[in-house]
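Remarks on the structure that follows.
The values are calculated or read from the model by the stated rules, or taken from the named source; none is laboratory data. Keep in mind that what you see is a predicted model, and the values were worked out from it rather than measured. Every residue, glycine among them, receives a Cβ derived from its backbone with ideal geometry; neighbour counts consider all protein chains shown. Surface accessibility is based on the protein's heavy atoms, side chains included, excluding ligands, DNA and RNA. Shrake-Rupley method; radii C 1.70, N 1.55, O 1.52, S 1.80 Å.
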Amino acid sequence: MSWVAGAERYYADHEPSVEAVEAAGLKLHRREAGGEVDFVTDEVLSHRLWHICDEAGVTIRHVSGSPVATEANDFMTVIADEMGDVAFMTPNLLYQAAAFEPMIKWTLINRAGSPGIEDGDMFLCNDPWVGAVHQNDVAVFAPVFHEGRLFCWVGASIHEVDVGGPAPGSFSIVAEDVFGEVSPLPPVKIVKNFVIQSDIEDLYTRRSRQPLLLSLDLRAQIAANNVARARILEAIAKYGADTVKTVMGRVMDRAEAQLRARLQELPDGTWRHVDFQEVASAGDRGIYAGRLEMTKSGDTLHFDFTGSAAQVGLINSATSGTRAGVLAGMLPMLVGDIPWAIGGLQRCIKITSPRGTMLNAEYPAAVSMGSITGTWLAHNCAHATLSKMLLCHPEHRLRVLSAGGGSWPAMQLFGWDKTGYAFVTQFQEANLTGFGARSFGDGVDTAGAYCIPSARVPNVEATEFTWPLLVLWRGEAVDTGGAGKWRGGVGGRFSFILHKTNRNFTHVSAAFHVAVPNGGALSGGMPGASVVYALQRDSDVNERLRQGTIPQDIAELSGQRDVLPPKSQTEQGPRDVYSITFFGGGGFGDPLDRDPANVAADLAEGFVSPAEAERLYGVVSAGGAIDDTATRDRRTQMRTDRLDGAAPVALRPAEAEGIAINDYTMLAGRRFQCRCCGHDHGPAEQNYKLSLVMKAIPIAQMSPTMPDPAVFIDEPIEFRAFVCPGCGTQVETEVALAREAPIWDVQLTGPSHA
């Protein structure tokens, strides 16, 4: 229980009742039971409503002055029914879509009576306990009335670069609780009778280091809602209110029915994943586990985070953030071809996250970084368990992706431009992360974040035009994609110096998976590289530029390299070079199964170095050409080394039939078996990893860009490869605390119900 009296009122864990809302004086337009709409009208109108939602998003891009919205699409627009269930959303920052439902429902419960919900109102909220993912994700949502009744809601949210608080960008790396961050705002009426309330706007923007940008974005959100409201009323005028409401409801019903049908096609069972956040605040050296047990039974999914670490430092999310992470994990992969009507999809899932943990933090925990900490952790865990489940189906395995970027590598920058005005920005180059490999192909290089399907990276010229800096390099980084039969997408690299400013920059950096990689690679794949923040202090970069040479790597420069910890605030001076290498995606499958021709292509593209091609893939090259004989011998030796000198048996497909749990293991009857050589991998009632050869490998050996975890954390952690004792195939991998037993990934309890 929170130690702040009255905090329970702001927890968005209650459903509003129609009776209570109407008793407060708010009349609702309800969907008629059994309402009939013909197929053509249903299709036309459902697409029209989706386009209305999309047009609202386009409006944000046209009005906003923030590169976060205009360049990177870090915003969201939605249409929800009268009770707040989201029927339509845009493919932008998925976390923000899930936030609208609890915020609207809380508003119905707590604002219907006083100050009231009326036509022409809009509410502003960034309170994580009410529903926001974190305080920077500011939502503005508006009721839409028809003939005096609340018909639906429209909403628009944007990640704001600064909403106040003690640190630039509103990310405080030393906050012990929310009182050391920017104060959250529960829903307040920012617009009344179509007029902005200047006192509320002043209360909102006065706290920011960028008040004019905040005011402009507020108007972008209001404009988006006005556009959506007008278009919905036009649709009502043409088709009738009952028809429009019926279609909204049917979109959610269809999404639910399609997801339930898909789940019926998959086997029942329990899948587990453990992911980690390191360094809870500046100066901390701890590592904290998020633990997920996902159970699929029939047509429902239960995500249970029991056992996750207690709330600590600033790496927490409220329960709304964890829900957002789970839904974002589902949308692109499990339901990529089903309408993203989360009001219907969420009927198929249950989420358990005990109070007081970092995935359901009690007020007043520090949560300003929730979107890139607790929420992202929940997303990683949900993505991994869903991937493991989908691998058990011969067709749905094609939907699978290995882990991508482990978190959002925040780069908050504060400084002064040449006119003397202060600025704050968050670099969207964080979208230069690699996607994980697929079950049939390589991951997409520098693809972005799974949770922002429409993610973009700003043009370099736009970045240099907007801020007083000069970009030295931006491109793809060698040896960052996780090794596998299918390689993970490579991450990017980015570097800049001060330019046309006479004052230092202040950097606030925050991420997790800096000390340890994201362990969500699949079927024996290797994790992608972690993010590396660095400053080359007191370098000779200016002298080189004057000589007409543009450095292309930090190693070319003189000076002292300062590798920054996962949470840091530091200064960049005129002779300092900032450099960051971004996450690579995880690999899929045993690296020794990769076609040497694909490795040759990687060498030619500069995605893999010759040394790593030989060390990880067993591919020997000279002058860019593959030595086939040396490669064959090297791979045989590597399999032998995996078995501690024992000769691997010949590869041959297993003769028995069963349910595949990954590319190399299947459940045949009540025993696990290697699909490559038929070797027994133990009984179904036991963790099959215990029947494999476990090889613990220092994490610093994962990639040339990976740091030694001991630089940042004290708890020993290791990368583990699990090898078939028969053929030496690398069956599975994980990242785990050295003191803990192997993770029991999968327990099948029944076949599919299809």
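Legend: P(r) of the stretch 314-358 from all alpha carbon pair distances, 5 Å bins from 0, whole percents, reading 5, 19, 30, 20, 13, 9, 4, 0.
Can you tell me the alpha carbon radius of gyration of the stretch 386-535 divided by the globular rule-of-thumb value 2.2 N^0.38 Å? Could you put the intermediate results ahead of the total?
On the way: Rg = 17.7 Å, N = 150, 2.2 N^0.38 = 14.8 Å.
Against the compact-globule rule of thumb, the ratio is 1.20.
Could you compute Rg(Cα) / (2.2 N^0.38 Å) for the stretch 356-458, with N its residue count?
Normalised Rg, Cα atoms only: 1.37.
Taking chymotrypsin sites (Phe, Trp or Tyr not before Pro) in DSSP loop conformation with at most 14 other Cβ atoms inside 10 Å as exposed sites, the chain has its longest uninterrupted site-free stretch at 441-754. For q = 0.26, 0.31 Å⁻¹, what log10 I(q)/I(0) does the stretch 398-437 give under the Debye formula with an equal point scatterer on each alpha carbon and no solvent? Once normalised to I(0) and log-transformed, intensities are -0.88, -1.01. Using the 1.4 Å probe convention, the accessible area of the stretch 486-573 works out to 33 Å² per residue with neighbouring protein chains retained.
One quarter of the surface of the convex hull around the alpha-carbon atoms of the stretch 508-639 equals 10.2 nm², the direction-averaged projected area. Ranked from largest, the principal axis spans of the Cα set of the chain equal 79, 69, 50 Å.
Kindly provide the trypsin sites (Lys or Arg not before Pro) of the stretch 363-443 that DSSP labels as loop, not H, G, I, E or B, and whose Cβ sees at most 11 other Cβ atoms within 10 Å.
Working: sites: Lys388, Arg397, Arg399, Lys418, Arg438; in loops: Lys418.
The qualifying sites are Lys418.
Roughly how many percent of the accessible protein surface of the chain is carbon and sulfur, given a 1.4 Å probe and a whole-percent answer? Could the numbers behind the result be given before it?
Values: 13550 of 26000 Å².
Exposed carbon and sulfur together represent 52 percent of the surface.
The C-alpha radius of gyration of the stretch 154-222, expressed as a fraction of 2.2 N^0.38 Å, stands at 1.16.
Quick one: compute a quarter of the convex hull surface over the Cα atoms of the stretch 303-399 and quote it in nm².
6.3 nm²
Over the stretch 75-119, the Kirkwood radius and the radius of gyration, each from Cα atoms, give a ratio Rg/Rh of 1.03. Taking label positions 7 Å along the Cα-Cβ direction at both Thr352 and Asp553, the computed distance is 5.1 nm, reported to one decimal. Dividing the helix sum by the residues of the chain, where each DSSP H run of 4 or more adds -39500 (n - 2.57), gives a mean residue ellipticity at 222 nm of -8500 deg cm²/dmol.
Which whole number of Å³ per residue matches the convex hull of the alpha-carbon atoms in the stretch 1-81?
On the way: hull volume 17.4 nm³, N = 81.
Convex hull volume per residue, Cα atoms: 215 Å³.
Each part reduced to its alpha carbon centroid, the stretch 257-333 and the stretch 36-76 end up 29 Å apart. Taking only the alpha carbons of the stretch 632-721, we obtain Rg and Dmax values of 16.5, 48 Å in that order. Calculated translational diffusion coefficient of the stretch 220-338 (10 °C, 1.306 mPa s; Stokes-Einstein with Kirkwood radius over alpha-carbon pairs) equals 87 µm²/s. Residues Arg634, Arg355, ordered by accessible area of protein heavy atoms at a 1.4 angstrom probe radius and largest first, appear as Arg355, Arg634. For Ile158, the shell of other residues with beta-carbons less than 9 Å away shows a net charge of -4, using +1 for Lys and Arg and -1 for Asp and Glu. Note that the stretch 472-532, at 20 °C in a medium of 1.002 mPa s, gets a Stokes-Einstein diffusion coefficient of 154 µm²/s from its Kirkwood radius over C-alpha pairs.
The stretch 696-730 and the stretch 80-150 have Cα centres lying 45 Å from one another.
A cut-off under 13 angstrom between Cβ atoms defines the neighbours of Leu314, and their net charge, with Lys, Arg +1 and Asp, Glu -1, is -4.
Each part reduced to its alpha carbon centroid, the stretch 415-432 and the stretch 462-532 end up 17 Å apart.
Compute and list, largest first, the equivalent-ellipsoid semi-axes of the stretch 153-271 from the alpha carbon gyration tensor, each √(5λ) rounded to a whole angstrom.
On the way: eigenvalues 267, 149, 22 Å².
Its equivalent ellipsoid spans semi-axes of 37, 27, 10 Å.
Counting only heavy atoms of protein chains, what accessible area per residue, in Å², does the stretch 607-754 have with a probe of 1.4 Å?
Numbers: 6700 Å² over 148 residues.
Accessible surface, normalised per residue, equals 45 Å².
A DSSP coil position with no more than 16 other Cβ atoms inside 10 Å describes the following GluC sites (Glu not before Pro) in the stretch 626-725: Glu655, Glu657, Glu685. Computed on protein heavy atoms with a 1.4 Å probe, the accessible areas place Val711, Val367 in the order Val711, Val367, largest first.
Scan the stretch 97-191 for GluC sites (Glu not before Pro) in coil per DSSP, keeping those whose Cβ has at most 16 other Cβ atoms within 10 Å, and list them by number.
Values: sites: Glu118, Glu147, Glu160, Glu176, Glu181; in loops: Glu118, Glu147, Glu160, Glu176, Glu181.
Within the stretch 97-191, the qualifying GluC sites (Glu not before Pro) (loop, at most 16 other Cβ atoms within 10 Å) are Glu118, Glu147, Glu176.
Across the cross-link table entries Lys105/Lys192; Lys189/Lys245; Lys27/Lys192; Lys388/Lys567; Lys189/Lys418; Lys245/Lys388, which are compared at the Cα atoms, the separations over 28 Å belong to Lys388/Lys567; Lys189/Lys418; Lys245/Lys388. The spread of Cα positions in the stretch 56-192, taken along each principal axis and listed from longest to shortest, comes to 50, 32, 23 Å. Extension gain, Ala696 to Phe465: 0.36 nm times the residue separation minus the Cα-Cα distance gives 78.4 nm.
Can you tell me the FRET efficiency between Val4 and Ala625 if r is taken as the Cβ-Cβ distance and R0 is 56 Å, rounded to the nearest 0.05? Each step should come with its number before you reach the end.
Numbers: r = 67 Å, r/R0 = 1.20.
After rounding to 0.05, the efficiency reads 0.25.
Report D for the stretch 702-741 in µm² per second (integer): Stokes-Einstein, Kirkwood Rh on Cα pairs, 25 °C, 0.890 mPa s. Value of D from the Cα-based Kirkwood radius: 205 µm²/s.
Kindly provide the Kirkwood hydrodynamic radius of the stretch 193-263 in Å, to one decimal, from all pairs of distinct alpha carbon atoms. Write out the running numbers ahead of the final one.
On the way: mean 1/r = 0.0645 Å⁻¹.
Radius from the Kirkwood sum: 15.5 Å.
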